[in-house]
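Each remark here refers to the structure printed beneath this line.
Rule-based calculations on the coordinates, nothing more; no lab input. Quick caveat, the model's predicted, so the values are computed rather than measured. All Cβ positions, even for glycine, are placed from backbone atoms using ideal geometry, and neighbour counts span all protein chains on display.
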Amino acid sequence: MASAAPVSAKPKIAVFSLTSCEGCSLAILELEDVLLDILGKFEIVNFREAMTERSWDIDIGFVDGAVSTPSDVEEVKMFREKCRVLVAMGACACTGGINTLKNYQNEEDYRKYVYGDKWKVFPTIPAQPCSAFVKVDYELPGCPMNKFEFAELAKCVLMGKPFRLPSEPVCVECKKKGNLCLYEKGLVCLGPVTRAGCGAICPTYGAKCEGCRGLVDKPNLQAAADNLTNLYGMKIEDVLAEFRLFGAYQKERIP
Amino acid sequence: MERVVTAKDLAALADDMLRAGRTVAGPVRRKERYFYEAVSRGADLAFDFNYCVYSPRSFFFPPGETLLTYSIGTNELNVAPEAPRTSPVIMGVHPCDCNAIGLLDAVFGSGVPDDHYLARRKDSVVVAVDCHGPCDPTAFCRDMGGNEAQEGFDVMLTPLNGGKGQAAERYLAAAATERGRELLAYNKVGKEPARADRDAAEKFREAKAANFSRRLPYAVEKLPAILDRSYNSLLWQVTAKRCYSCGSCNLVCPTCYCFTVKDVPDLSCASGKRVREWDGCQLQDFATVAGGHNFRPESSSRLRHRIFRKGKWIKEQQGRMGCVGCGRCDRACTAKISVVEIYTQLAEEA
Ligand code: SF4
Ligand code: SF4
Ligand code: SF4
Ligand code: SF4
Ligand code: SF4
């Protein structure tokens, strides 16, 4: 990983989108209270959601979205070239996100579904994370990414400190919140192997963690496969499907 | 000092404390389970409950707290320590959790005393309530000696009726400390106990002993020696295969007291705060030190560490068992790893 040494007096930042809902870019705009501070410290030179004037002299580029079409491939390569530091923002850019679900469907079917009768004009490739094509310096996982983590990364860049994602699983945040574990209510949750940082928001509202922030550093996936089948009576296909939602392109796989 | 109090008297006492400006907390029913929570009226407190999902430790040692704030001036560093202000009255604490508070008192009070913990504990009052019988099949408090409160409480409530699914309405309240006497003297709660009340309390204690069965096939005094012989057991690796290193077992444990300290600068980078947060020895990076070396990179070594802490090392350091047998770690472990089962299996091997 590149060091986050301050790149210039006022780092120039840019925000790009590939195939995604652009929800992560919008999350930056939601940072109202700190956004003004950030704006003061950085120079935003390229941001489709917020400006029309653009420049290509970029210190830190934030990209959301999966690489899902041939033109995405070209774009992500260009972003890499133009940006000294490239940050993948959100589940789609970090792991391919839910876009990867199409990789498990019939290609012609989903192209017709998305593009109707013009489906042949819109070429597509299996959805993949940015890191499948270019070197990514930092990842801000989650669907959408956590805007406070974005601010944290910005802070680290300013201070020249290395940025690190939390290494503990979602269960830690869930327990700190004082929640009743969903397993005690008969649900299956991916919290034990999913990287914390979202404040365990889904279990806090009663929904199981679907792993949108990706896996912890050394996930015990053998344990997940064994426990969910042996202790919770799941079929291995169902366990795989649970992990596929956000995890199709993660390095670690269910054995 | 002893008084006979009803559940209503206790609720009224809680209301008195609230009016006096105190923070009052205790078991509150949230759908299917009980949780320790601060209340705004005494009637919300439950004294007849099975168990609380979390122990009351967070009232003295919260999951996250600010230790100090700082700002960097032109030529100086300004540091302002943050002082905890609430010292709660906790009503409805079972014996296991009282003993756990006693252990935390010993740990945070010795060595370099922990100001933050001690400030919260200083004027706090703990009202214990005794258990009729095992709160849950996972409990093994009898084996650990956890179901007899030795310390960590100011008043003990012994149920005088109820039991077997019937809620108790009357309690014998016995003060164990000066703070406990002050609490019971406050507005002269309840009434003077009659002889029949003392007899009923005695009967409760006799019945209680019979209600708890043992789960450990040996006396707990043997546990440290059994662990001694088990350091190289294969069991650690075999069991760790199922373990996620998720730390849930640590975070629900009433006796776990490990924390991590972080500096959190503001975006200005010119000011910020130092916070501490709960940590847990099962987590991957728990034993990682500056420079990146991890003393316990294997989950099997972390699992063994936890079991040794609970069953041997804390006893050696603090003269009290590090595990009160509340069963919370068993319930919290989604991999169904059970300490009492580990203790049992090791004895069979050793
Ligand atoms: S609900 Fe999910 S995240 Fe929360 S403790 Fe249980 S398994 Fe972990
Ligand atoms: S709880 Fe899980 S699915 Fe929900 S935001 Fe967090 S990581 Fe994503
Ligand atoms: S709760 Fe269970 S799976 Fe999680 S760290 Fe503890 S023993 Fe391992
Ligand atoms: S180790 Fe488990 S049973 Fe023992 S005190 Fe902690 S949570 Fe309770
Ligand atoms: S573990 Fe034992 S002492 Fe603690 S609440 Fe349950 S029965 Fe009571």
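At-a-glance table
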item	result
Shape of the stretch B:118-201, Cα gyration tensor, a/c cut at 1.5	oblate
Gained length - B:Asp263 relative to B:Asp115, 0.36 nm times residue gap less alpha-carbon distance	51.4 nm
Between the stretch B:106-181 and the stretch B:218-284, the alpha-carbon center distance in angstrom	24
Estimated inter-spin distance, B:Thr177 and A:Lys118, nm [label 7 Å along Cα→Cβ]	7.5
Over chain B, relative contact order from alpha-carbon pairs under 8 Å, at least 6 apart, %	21
Kirkwood hydrodynamic radius over Cα pairs of chain B, then Stokes diffusion coefficient at 20 °C and 1.002 mPa s, in µm²/s	99
Local net charge near A:Cys202, Cβ-Cβ under 12 Å (Lys/Arg +1, Asp/Glu -1)	+1
Percent RCO, i.e. relative contact order, over the stretch A:170-253, from Cα pairs under 8 Å lying at least 6 residues apart	27
Approximate spin-label separation A:Glu81-A:Gln222, in nm, with each point projected 7 Å along Cα-to-Cβ	4.5
Subset of A:Lys147/A:Lys218; A:Lys175/B:Lys315; B:Lys31/B:Lys262; B:Lys164/B:Lys312; A:Lys135/A:Lys185 violating a 30 Å alpha-carbon distance limit	B:Lys31/B:Lys262; B:Lys164/B:Lys312; A:Lys135/A:Lys185
Three-way shape label, the stretch A:170-253, alpha-carbon gyration tensor, a/c 1.5	oblate
Long-range Cα-Cα pairs in the protein assembly as shown (distance over 35 Å), rounded percent	48
DSSP H segments from chain B that extend 20 Å or more along their own axis, Cα-based, with Kyte-Doolittle mean of 0.0 or above	B:95-109
Residue-averaged beta-carbon neighbours from other chains (10 angstrom radius) around B:243-255	5
Spin-label pair A:Asp57/A:Glu74, simplified geometry with 7 Å Cα→Cβ offset, distance in nm	2.7
Computed helical MRE - 222 nm, the protein assembly as shown, DSSP H runs ≥ 4 contributing -39500 (n - 2.57), nearest 500	-9500 deg cm²/dmol
